[in-house]
Amino acid sequence: MTPDHPPARRVPNFRRFDSRREQMIDAALQVFFDKGYDRARIEDVAKLAGVGKSAVLYHFRTKLALLAHVVAKHCLPAQPMGADPAEQVIEASLADPAATKVLRFVMTEQRRLPSLGRLYVVALMRRVASWQNFESLEAMRSGVGQAFGRMASRVLLEGYPAVEGESHGGNAV
């Protein structure tokens, strides 16, 4: 090195710990969504995140633990979307692209991974509880259930054209 140009200082790995972890979780969302749980590989997540396989395993230990972090982070945005009544805010937040990916993934993979549904519901309830106080657990369950039901219906019906001869009211034309 010349005296005019001192060597660039390398950022120690421990200072990039949180951002790398977040990159791995974001990459895992994409890999799980694209390939499904069974076909997704830790190597795929590592490559997409720009890290080695050992880095992913260091942070998450197993593919299932990585999935749990993906669901916890992306089940809903960190901050609610909007200031409407609780059910509308939850429904709008479920429409966030990452949250929709997680919802689609859970709906697709739940039969193969029975614990995934419970994991998703717990993560969803924790996120909603962090947003606002409900008068009771039952009120929160009701609000989440109604918003979730509408959003799940929308996800299931998306892409299915109306049957010829049916109007939106279900009556034949």
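Contact map, region 79-99: residues that are assigned by TED's automatic domain parsing to the domain that holds V121 and touching a residue at least 40 places away in the same chain (Cβ under 8 Å) paired with residues that are outside any loop (DSSP other than H, G, I, E, B) and not hydrophobic (A, V, I, L, M, F, W, C), Cβ distance under 6 Å, separation 6+ or inter-chain. Pairs shown: P80/S93; A86/G143; E87/G143; E87/Q146; E91/R150; A98/H74. All of (1) assigned to a helix (DSSP H, G or I); (2) over 15 Å from the mean Cα position of the chain (by Cα); (3) modelled with pLDDT of 90 or more hold for R16 with one exception: (3).
What helices (runs of 4 or more DSSP H) completely inside region 52-141 contain at least 2 residues that are surrounded by fewer than 18 Cβ atoms within 10 Å (Cβ to Cβ) and β-branched (V, I, T)? Please lay out each step first, then the result.
Numbers: elements: 53-60, 63-74, 86-94, 97-109, 114-131.
Here the list reads 97-109, 114-131.
Among the residues making up region 148-162, those that are part of a helix (DSSP H, G or I) and either over 19 Å from A123 (Cα atoms) or modelled with pLDDT under 80 (or both) are S153, R154, V155, L156, L157.
The values are calculated or read from the model by the stated rules, or taken from the named source; none is laboratory data. Every value quoted in this text rests on a predicted model; they were computed, and no experiment measured them. When we count neighbours, we look across all protein chains shown, and the Cβ atoms used for this are built from the backbone with ideal geometry, even at glycine.
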